[in-house]
Every structure is written in C-alpha cells, then in structure tokens.
Amino acid sequence: AFSVAARCTARSLRSPATSSQAHRCRHDIDSSAGVAVPGPERDHRFVAAAAGLGLGLACALSNRRGRRLVPCSAATGKAVDAVPAIRSAAGAAVAEALGDELLALRREASLTLRPLIIAMGTRGDVEPCLHLATALRKRGHEPLVLSLDEWGDRISDRWGLDFTSSGIAHLPMSEDYLTGQTRADQVYADRGWYGDAWGEVGRRIFKAATEHKCDVIVSTSMGNTHALDVAEHLGLLCIAVKFAPDIDGQVPTGLFPPSGYPTGMPGPLNYAAHVLENLRTIGAVFAGGFIPRVIAFRTELGLPSQELADGIEVPVYSPYRQILQANQPCIYAFNKSLVERPAEYQSWHFFTGVLGGNSSAAADVEDLDPELETFLGCSEKETSAGPLCITFGSITLARSAPFEARALAAARRTMRRVIVIDPKCEKEGLQEDQDSGKLGPVYWLRAAPYSKLFSRVSLVVHHGGAGTMQDCLRAATPQIVAPVLRWSDQPYWASVVEARGLGLALGSGGEAPEEEAWAETFTRALARLEEMKGAARAVSEQAAREMGAEEACEVLEGAMAAVPTQA
C-alpha cells in the first residue's frame, strides 16, 4: 500500500497531472487494498507518511486543472428541461470514465434493461433502491433486487418487486461500531460476521447476475466490492449508488474532511485527511483478514491472483477492472440543494436527487392507526402543534447505548406528547406509568409510515441517517440530529442540518449525550421551531421539484446506450 502511494506521489510530482491521472492515482491506492498491483515497484514502504501527504497535495492541485463537467442536472445539480440531455451526457461521461475499456463490454441489442440492484444495508440504503427499481420497472425494464432476508417480504409483497437473497439475514451492529472513530475502524469491525459471509454473498450475487441475465449492476456500498468482481468476470457495467458525499476517502476532496476527523480544517488538509483515511482503510482490509477471502471468491470466478516477493498474495485485476475501480460511475442520491458539489468530482459522478418522494410511486403506504390518530389529535388541541417524535430506525446501538432512553427522558420533561418508534419495543400504544401525570405521555410504535407521520409532528429526533433526514425534509419538519456512529455519514448530515437552519445537532457519535444535554437541546429547538420550520419548508419545496429516481433512470439508460451491443 505504501509503495503504491509512493509511486503515485512521484508520478504526480514529475509532471502536471490531469484529472484522469489523479483518478489513476486513486485507483492505485484502491489496488493495494487487495486488488491488482500493476508494475514491479513494491519496495518503498519507508516513505509511507510522506507519500500519503504528497499524494493528497499533488492530486488536490492537479484536480483543479483540466476538469470537465457534464452539463446536465444529474451531473452538476443544475436544472435542465430536456431529458435527452441527461441521457446523452451520461453516455459521454461513462465513455470518458472507461475509455477504450468500454469496448470490452457487451449488451443485448434491446431497449429493455435487466439491472441487478444490490440493495444491502439499513432502511436508508434499501428503500431508495426500491424506489429506483420501481421507476425502472415503470419504464419497461426488468430489475431484480438482491438484499437482506429481513427485507424480502417487504420487497416482494408490498413493493411487488422481484427479490433474491444476499445470504445475510440482517445487518448486525457490533459494539465495535459504537467505539469506532473512522471508516477504517468500521471495516476492521466487519472482519467477523461479514468476513465469514464474504464468499456466500459473492456467490449469491454471481448467481443472481447470471440467472437474471443482467446487463448492468447497481450497488450500494456494502455490496460494491462483490459487484465489481462479478462485473469484471461477466463484462458488465457496474454503477455505485451512494446516499451521502464520500466521507471515507473514496473520492478525496478539500470541501470537507472524512468522518471522524476534525472539522474546520483548510482544504488541503481535508484532502490529505481523505488520503490518510484511505491508507488506514487499506491497513484495516489486510489486518481484518479480508484479502484471502477476496482471493478465494475471485478464484471461484476464475480470476487470477499474484504472490508478491514478501509472501503476500493479492488479486490481479484485468485492465477493465483497473479503470472501473479508478473511475466507477456513481449515482449520488440525496437532496441536491443541501450539498455543494465538490470541485474534485468528475463527470461520471451523477447528482440525481433523492430516489423517493415525488420521484416515483412507492409501495402502498399504510394509514396511521386510529389510536395513534387520536393521540396526534389530542396533541394538536393541547399545543396547536404535533408531538415530538423519537426514532433511531434500525440502529440497535441507539438502544443498547442510552441514546433513545436519555432522549425520551428529556423529551417527557417538556410536558409535550412524545411518539417513540422502536422496532424492538415490548408493547405498542399509549404508555401508562407512575410518571404519566407528571411528564409528557408516550406512544410507542414498532414501525410507522414516515411520509404520513412526520408532517403531523412538530420535531423529529433521529440519528442522522440519510433516509430519515430526507423524510424530515419532505415533511418540512424541524430535526434534532444525534449521530450514533461517528465513522458514518451521520455526523456529516447533522452538521448540514444545523448549518442550513433545519434543526440542531447534538454530539458527534460514539457516545450517548447526557440527559441534561438533551434537555438543553430540546429547549433551544422548541424556542426556534418556527424559524427552523421556515427553513425546512424552503428546502422541502426544492426537494419536491427533484425527480431523483427518474434522473437516475435516465443516467442508467444513457450509460447503457454507450455500451456496445452484441452483433
């Protein structure tokens, strides 16, 4: 890993680099995390620190020269009316990203796409992919969704989509997730359960791709390495989908630091921090024992590996995989009005907007329970506003650590009605306890349709997941964001929410705030409700104009139009 960083630094300093060369440097760093290490130079490990910093600064400068953006809303966030512009721009961007290696791909000469959509992760990762699959199906395409078993019935029955299992029942939350500071810590924490499941997940993805006769793979971050392996073997285009800007060093930027790093640093230090975190993640991949598992799965696919001089074995990537690893097209699916597009992002980084809301018809959403309607009505009569709502989604660590408990205790002290959404609560309905007359009443739910509930509450308390935050924005409801996982995108979104006046941030993750901190934050939030609601309403109006799933469909159709058809 250090050798590759040294080569990239030397390459950047020898001659002015283009944006493409800068991304090749990014590829070389990725390559040392258990992928191809082209070239014979492998013995400069003593230059680790200098190489990482040099690469960061060199690429930071080089990326500001010779950059070309695609002039369409998906790529730049600027509105365009002509749908063909998105398709043609997406095709041109993919051709720019893959270059001559695009000619190695083939697809059927059909207007109907057969995408494999790998939707692995929490609710905030899965549901947007279901909106995308629904939009694709309405256009006549035939998507197959691969996800966790816990989502199977929902995907098949309520969304009416074709589902296949990833081989993983649910997403376990290790206690190491709570103490981890950066993405590298999270990767190392995954060495147990995900390392053990590595081969099976890969086999399921390969089987789904072949049996479905898919022609393009779209994957969330969790399944992306497997997706790239399968795409390399089958000669398929593979597109990533992300629900936050890259806060883990994958696409280094000077605009913000990686999660877990200090905020407020100058741009070059932010960029260097991304490169450093990239190197730390490579170390976690090796230390976590992922490389032998990666090699074993790739061997099943008939893909080669290579033993280095010091006995370390690494996979060997094909030329197509090398360029795909460096310049993977990516759909960034979040509210475009919230985030400034980083200058370092390329034409194949498509900002589409949220994959949901007005973008496509979701599965039928159940009505609110009549008893809950009564609870909401009482709150509206008492305060002329809805109750407070606390939801930490599927983040079980918010319950094993006292995030939820302390938030609830402080919320009840406001004497307002409180709704708690907790999938593991013992009993749903109105809670009766010895403090019912002294503190605000509590209504417990295991699940609720956010699209119908959030517009009825005055304030939502959550962990900063992209999905929950977007639901709050669509409802124009103020938020208190208390990140649980420091290494994730949760602290990033908390800072965005507070900076835009949409709510307040509390803590930076990893440790539950004390009850008094919660109480003080509730006091400030309730005093500023109207101000925050006004800001949220403005963003909600912008979000309502976004057609994220449709733009993502245009990107996919345009990208696939650039792939040569079989004779």
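Some notes on this structure:
- Wholly enclosed helices (runs of 4 or more DSSP H) of segment 325-415 bearing at least 2 residues surrounded by fewer than 24 Cβ atoms within 10 Å (Cβ to Cβ) and among the β-branched types (Val, Ile, Thr): 370-383
- Single residue of Asp162, Asp196 found to be modelled with pLDDT of 90 or more and either in contact with a His (Cβ under 6 Å, 6 or more places away or on another chain) or more than 21 Å from Ser394 (Cα to Cα) (or both): Asp162
- Hits in segment 272-283 - residues which are open to solvent by less than 10 Å² (accessible area, probe 1.4 Å) and either over 20 Å from the mean Cα position of the chain (by Cα) or not aliphatic (A, V, I, L, M) (or both): His274, Glu277
- Matching residues in segment 133-153 - criterion: being closer than 21 Å to Pro449 by Cβ, of a type in the set (D, E, K, R) and in contact with a strand residue (DSSP E or B) (Cβ under 9 Å, 6 or more places away or on another chain): Asp153
- Test result for Ser488, under 21 Å from Glu277 (Cβ atoms), surrounded by fewer than 23 Cβ atoms within 10 Å (Cβ to Cβ) and not charged (D, E, K, R): no
- Residues (within 13 Å of Pro143 (Cα to Cα) and open to solvent by less than 20 Å² (accessible area, probe 1.4 Å)) located in segment 188-211: Ala208, Ala209
- Within the option set Val497, Val539, Val555, being within 15 Å of Gln470 (Cβ to Cβ), of a type in the set (A, V, I, L, M) and at pLDDT 95 or above holds for one residue only, Val497.
- Candidates Gly140, Gly39, filtered to the one that is open to solvent by 10 Å² or more (accessible area, probe 1.4 Å) and modelled with pLDDT of 95 or more: Gly140
- Lone unmet requirement of (1) under 17 Å from the mean Cα position of the chain (by Cα); (2) free of Cβ contacts under 8 Å to residues at least 40 places away in the same chain; (3) buried (at least 24 other Cβ atoms within 10 Å of the Cβ) for Ile155: (1)
- Residues in segment 522-547 that are surrounded by fewer than 21 Cβ atoms within 10 Å (Cβ to Cβ) and over 25 Å from Pro245 (Cβ atoms): Thr523, Arg524, Leu526, Ala527, Arg528, Leu529, Glu530, Glu531, Lys533, Gly534.
- Selection over segment 215-235 of residues that are part of a loop (DSSP other than H, G, I, E, B) and open to solvent by 10 Å² or more (accessible area, probe 1.4 Å) gives a count of 2.
The values are calculated or read from the model by the stated rules, or taken from the named source; none is laboratory data. The shown structure was predicted, so the numbers you read here are calculated from the model rather than taken from an experiment. Cβ sites come from the backbone with ideal geometry, for glycine too, and all protein chains shown count toward neighbours. Side chains included, ligands, DNA and RNA excluded: accessible areas come from the protein's heavy atoms. Shrake-Rupley method; radii C 1.70, N 1.55, O 1.52, S 1.80 Å.
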